[in-house]
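J.: Below is a structure I'd like to ask you about.
Only the coordinates and a few stated rules stand behind these numbers; no lab work does. Source: prediction; values computed, not measured. Quick reminder, even Gly has a Cβ in these numbers, built from the backbone with ideal geometry, and neighbours come from all protein chains shown.
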Amino acid sequence: MDMTTAAGLWLAVILSGLYHGLNPGMGWPLAVSSALFERRRAALWPALGALSAGHFAAMLGILLPFSMMTLLIDYEREIRLGAGIIVIGMGVFLAITRRHPRFLARIPPHRLALWSFLVALAHGAALMLVPIYLGLCAIEELDAGHRAASALMATTALALGVAVLHTAAMMGSGGAMAYATHRWLGLQFLSRSWFDLELVWTLSLIVVGGLGLWMAL
Amino acid sequence: MNLRPDPTFHPSPKMAMEAPVETLAFTLMLSPDGTKPDGLAVVDVDPKSDSYGQIVHELYVPNLGDEFHHFGWNACSSSLSPLTGHAFLERRYLIIPGIRSSRIYIIDVKDPRDAKIHKIIEPEELMAKTGYSRPHTIHCGPEGIYVSTLGGGGADGTDGPPGIFIMDCQTFEIQGRYEMDRGIQDKHYDFWWNLPRDYMVSSEWGLPPQFENGVVPEDLLSNKYGHTIHFWDLRARKVVKSLDLGENHQMALEIRPAHDPVKEYGFCGVVVDTTNLQGAIFTWWRDEAGEWQAKKTITIDPVPADADDLPELLKGFGAVPPLVTDIDLSLDDKYLYVACWGLGEMHQYDVSDPMNPVLAGKVEIGGIVAKHKHPNGEDFGYGPQMVEISRDGKRVYWTNSLYSTWDDQFYPGDRGAAMVMAHVGENGGLTLDKKFWTKFPEGYRSHQIRLEGGDCSTDSFCYPSV
């Protein structure tokens, strides 16, 4: 049972990464733009690298505090419930406001990593991973009571693993979109493939948060 | 909001050129003496239509004395950069400021033949939130809608410098001033930018007392109108360089950057050189060292005239100055159109080499002395003024009024509103369309034109044209 749940959760880590990568709003068109500006396809990769680095940092920024908290084994259930509620709350907030924070538009276009970092935080992309991550922590059945140090290492390693896998999936799908657009599809693909995922996005947050709650109960 | 990007948003200028052509134009109508409300005319520009060239809908506002001048869209192709975060806006609202009243109208043109007022922002609100007055140029960009103003606070608009303010692109709430460090900028007119390269360029006309009641000859002859262009770090909102074009280059007005964001140059039109009455175009560019430069690349000579044929203001000079009042650049960055409002000429320059423009075509119509008729035999009052180019670069539209009080000084008497169109030849050249002649209601003058789905002075592109 736990094996299947674990596999499901790891799959969720990958799928959410693919999903974030495919969304033009998370940045792959900027890599295409960069390659067009420099008139060489290889310029896709540094731009994608910067976008991924920012996304990765945002994942860690959100996951690491939770990895510390998982040590409070007595409150494990409360933490998972709290995280689920926060993620649902973020989804509801974004669904109601439907706004892109204006400060993101003030980041200079060449600071792609910073932009990617902030956009992942502002849109709850990083938060979406928390219930999945906590689910994985619970399955690891960390006996934190008397082996605090190694437990911390284990949860930190798990957070890193989740962030790496998620970001790799994101870079893979976003990179594939950017490459295909630059190589074959052309810029018209950009306007054709861009759908307003805002509502789907907020619903995904609510669903992930809900699943987190359900698993904790 | 759309679920897909608006079909009139295009990643690159090249793709905008390939999009379906315009079938409607929007033209501002102003009542020069403020006795009637200003309005928006929707003009049929579809050659297959029975009402080709005619006004098919008129919308009048509920106030007097606004003086409509320039206007723009709530959203444009700049939305297609993920950096702006608003890819799903509709190109649906026209933002029309009253340059004299400082009132701003938001007009819903989702159904252009039934255009309606969506919102009115009163001058008091603009003043309270920004300290600016006399709103002018509209551009949509990363932080929403940017609006330049020509006046500061106080009754005559000289209390503090004019500048740019930002308006929310969905709610049309005024957010506040744009500038964080304006440097020496103390006058304002036009602005435009290159979004991926993160710079903005702004220009100067004069302060409200210098234009509201007509041109002030003493100020002009003592070179007190604007002659400096300012280069900004767009997102940091600060001036990085103010470039003086020379004080004799009075009224540096329209800023036209190359549309392809790869290019780091553009043009600026100068109304009159007070040393010789020439009109001029400056090319500005960023050099290899990253420094902003500008150089005069086009001059247009005045034409000698008999004092009896000249208005009071020009009698002493014995010549008609070209008066370069508006310029516009085609989306392929190939042709720059220059309106010589005094001479009655529309020039077309091939600017493929921006440092060496070549005159490629010319239309003579109107003019202070020349008074060229339209090929359909009608009189064209005033001269060619606000010019707009179709996205595909094949049609050029223009109207004839400059600004109510200035019209009266250079062209005394009421000469009627006009809007005409010229075809661009395969290899340049410009020919007026005999059949395109828009009739405007009595007592109105015509100013800026906007074309359905965007035109050559509305959209900012975030991807190169390769």
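J.: Can you pick out the pairs among B:Lys14/B:Lys263; B:Lys110/B:Lys394; B:Lys187/B:Lys315 whose Cα atoms lie more than 20 Å from each other?
T.: B:Lys110/B:Lys394; B:Lys187/B:Lys315
J.: Could you calculate the contour length gain from B:Ile184 to B:Glu218, that is, 0.36 nm times the residue separation minus the distance between their Cα atoms, to one decimal place in nm?
T.: 9.9 nm
J.: Still on this structure, please answer the following. Would you give the gap between the C-alpha center of region A:1-62 and the C-alpha center of region A:192-213, rounded to a whole Å?
T.: Rounded to whole Å, the Cα centres lie 17 Å apart.
J.: Please identify, among A:Trp45, A:Trp115, A:Trp184, the residue showing maximal mean-square fluctuation in a Gaussian network model of chain A using a 10 angstrom Cα cutoff.
T.: The residue that fluctuates most here is A:Trp184.
J.: Can you give the local net charge around B:Ala339? Use residues other than it whose beta-carbon is closer than 10 angstrom to its beta-carbon, Lys and Arg +1, Asp and Glu -1.
T.: Once all neighbours under 10 Å are counted, the net charge is -4.
J.: Collect residues whose amide H, placed 1.01 Å from N in the peptide plane, falls under 5 Å from the amide H of B:Val303; neighbours closer than 5 in sequence don't count.
T.: B:Val320
J.: Starting from the Cα of B:Glu312, step 7 Å along the direction of its Cβ; do the same at A:Ile14; then give the gap between the two resulting points in nm.
T.: Placing both labels 7 Å along Cα→Cβ, they lie 8.4 nm apart.
J.: Scan around B:Lys119 for amide H atoms under 5 Å from its own, H built in the peptide plane at 1.01 Å from N, and keep only partners 5 or more places away or cross-chain.
T.: Counting only residues 5 or more places away or on other chains, the set is B:Ile106.
J.: Using a 7 Å offset from the Cα along the Cα-to-Cβ direction at both B:Lys238 and B:Lys434, what is the distance between the two label points in nm, to one decimal?
T.: 6.1
J.: Please report A:Arg40, A:Arg102 as a ranked list, fewest other C-beta atoms within 10 angstrom at the top and most at the bottom.
T.: Listed from fewest to most nearby Cβ atoms, that is A:Arg40, A:Arg102.
J.: Select from A:Ala126, A:Ala105, A:Ala163 the residue whose mean-square fluctuation is largest in a Gaussian network model of chain A (Cα-Cα springs shorter than 10 Å).
T.: Of A:Ala126, A:Ala105, A:Ala163, the Gaussian network model singles out A:Ala105 as fluctuating most.
J.: What do you get for the angle between helix A:112-122 and the principal long axis of chain A? Use alpha-carbon atoms, 0 to 90 degrees, nearest ten.
T.: Tilt relative to chain A: about 50 degrees.
J.: Straight-line reach from B:Lys439: which aspartates and glutamates fall under 17 Å, measuring Cα to Cα and dropping same-chain residues less than 8 apart?
T.: Correct list for B:Lys439: B:Asp38, B:Asp44, B:Asp46, B:Asp50, B:Glu58, B:Glu378, B:Asp379, B:Asp414.
J.: Compute the FRET efficiency between B:Ser51 and A:Arg41 as 1/(1 + (r/R0)^6), taking r as their Cβ-Cβ distance and R0 = 56 Å, and round to the nearest 0.05.
T.: Values: r = 49 Å, r/R0 = 0.88.
Using R0 = 56 Å, I get an efficiency of 0.70.
J.: While we're on this one: What is the sum of charges around B:Asn63, taking Lys and Arg as +1, Asp and Glu as -1, for the other residues whose C-beta is under 9 Å from the C-beta of B:Asn63? Walk me through the intermediate numbers first.
T.: Working: positive: B:Arg103; negative: B:Asp38, B:Asp66.
With Lys, Arg at +1 and Asp, Glu at -1, the net is -1.
J.: Loop by DSSP (not H, G, I, E, B), at most 11 other beta-carbon atoms within 10 Å: where is the longest site-free stretch of chain B for GluC sites (Glu not before Pro)? Mind showing how you got there, number by number?
T.: Values: sites that count: B:Glu288, B:Glu426, B:Glu442.
The answer is B:1-287.
J.: In angstroms, what radius of gyration and Dmax does region B:13-451 have, counting Cα atoms only?
T.: In order Rg, Dmax, the Cα atoms of region B:13-451 give 20.0, 60 Å.
J.: Given the C-alpha centroids of region B:435-451 and region B:178-196, what is the distance between them in whole angstrom?
T.: Rounded to whole Å, the Cα centres lie 31 Å apart.
J.: Once the piece of chain linking A:Leu114 and A:Asp2 is laid out straight, how much longer is it, given 0.36 nm per residue of separation minus the C-alpha distance between them?
T.: Numbers: separation 112, 0.36 × 112 = 40.32 nm, distance 3.75 nm.
Length gained between A:Leu114 and A:Asp2: 36.6 nm.
J.: Between A:Met26, A:Met153, A:Met59, where does the largest GNM mean-square fluctuation fall for chain A, given springs only between Cα atoms within less than 10 Å?
T.: A:Met153
J.: Let me test this: with uniform point scatterers at the alpha carbons of the protein assembly as shown, what is the Debye-based log₁₀ I(q)/I(0) at q = 0.08, 0.10, 0.11 1/Å?
T.: With one equal scatterer per Cα and no solvent, log10 I(q)/I(0) is -0.64, -0.91, -1.06.
J.: Given a Förster distance of 30 Å, report the FRET efficiency between B:Glu58 and A:Leu199 from their Cβ-Cβ distance, rounded to the nearest 0.05.
T.: Here the calculated transfer efficiency is 0.20.
J.: Amide H to amide H under 5 Å from B:Ser102: which residues, 5+ apart in sequence or cross-chain, H placed 1.01 Å off N in plane?
T.: It is B:Arg134, by chain and number.
J.: Give me the distance in nm between label points sitting 7 Å out from Cα along the Cα-to-Cβ direction at B:Lys362 and B:Asp350, one decimal.
T.: 1.7
J.: Please give the FRET efficiency for A:Ala168 paired with A:Gln188, using the beta carbon to beta carbon distance and R0 = 41 Å, rounded to the nearest 0.05.
T.: Given R0 = 41 Å and the Cβ-Cβ separation, E is 0.90.
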